1. Write out, first by first residue and then by second, each pair whose Cβ atoms fall under 7 Å of each other, whose residues are 6+ apart or on separate chains, and whose first residue, in region 21-38, is farther than 14 Å from Phe64 by Cβ while the second is small (Gly, Ala, Ser).
2. Would you check if there is a residue in region 86-102 being surrounded by 14 or more Cβ atoms within 10 Å (Cβ to Cβ) and hydrophobic (A, V, I, L, M, F, W, C)?
3. So which residues in region 81-97 are part of a helix (DSSP H, G or I), among the small types (Gly, Ala, Ser) and more than 20 Å from Arg27 (Cβ to Cβ), if there are any at all?
4. Right, Asn57: touching a His at 6+ places or on another chain (Cβ under 6 Å), farther than 24 Å from Gly108 by Cβ and part of a helix (DSSP H, G or I) or not?
5. Provide a single number: the residues in region 1-51 that are open to solvent by 70 Å² or more (accessible area, probe 1.4 Å), more than 17 Å from Phe104 (Cα to Cα) and among the hydroxyl-bearing types (Ser, Thr, Tyr).
6. Condition first: of a type outside the set (D, E, K, R) and either in a loop (DSSP other than H, G, I, E, B) or surrounded by 13 or more Cβ atoms within 10 Å (Cβ to Cβ) (or both). Now tell me which residues in region 65-80 satisfy that.
Amino acid sequence: MIRSHKIRLYPNNVQATYFSKACGISRLAYNWGLAEWKKQYENGEKPSGYALSRKFNSIKKEQFPFITEVTKCSPEHSFDNLGKAFDNFFRNVKAGRKHGYPRFKKKGVKDSFYIQNSVFQVKDRKSVV
């Protein structure tokens with residue numbers, strides 16, 4: 001059984017800014033991974049979410065230095081989601097169902113990011129990241 005919790009937060013301005021940055025970095029990693037996947041696939045390579053994650057980690061300090069402002073979980077989980085999106089796409093194509101190719105994420109449309117339980121805490125009914 002997989003258990004998850006949805007918690008409604010009422011963040012202050014500093015926390016809201018942090019959450020916006022984390023969502024933006026998660027979206028950036030997903031979109032970068034999708035573009036890189038397309039490029040590798042067109043070159044005849046066989047991309048994977050794990051390989052893209054490793055490549056992203058090797059270039060992120062040079063190309064995206066602002067990525068260290070938020071938790072490391074934010075971009076990591078994006079590559080897992082991208083791998084699952086392609087697994088679902090190829091499984092549906094094989095089964096003959098019409099499901100579209102994974103799309104780029106847009107700002108402000110279901111923004112989200114993943115955070116591990118070890119990074120997030122609630123103290124005195126207030127969240128501490």
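The values are calculated or read from the model by the stated rules, or taken from the named source; none is laboratory data. Quick caveat: nothing in here was measured; it's all calculated off a predicted structure. Cβ: placed from backbone, ideal geometry, glycine included. Neighbour counts: every protein chain shown. Calculation scope for accessible area: heavy atoms of the full protein, side chains included, ligands and nucleic acids excluded. Shrake-Rupley method; radii C 1.70, N 1.55, O 1.52, S 1.80 Å.
1. As it stands, the answer is Cys23/Ser112, since those pairs meet every condition given.
2. Yes, that holds for at least one residue.
3. Passing the criteria: only Ala95.
4. Judged against the criteria, Asn57 is not a match.
5. Counting residues in region 1-51 that are open to solvent by 70 Å² or more (accessible area, probe 1.4 Å), more than 17 Å from Phe104 (Cα to Cα) and among the hydroxyl-bearing types (Ser, Thr, Tyr) gives 5.
6. The answer is Ile67, Val70, Thr71, Cys73, Ser74, Pro75, His77, Ser78, Phe79.
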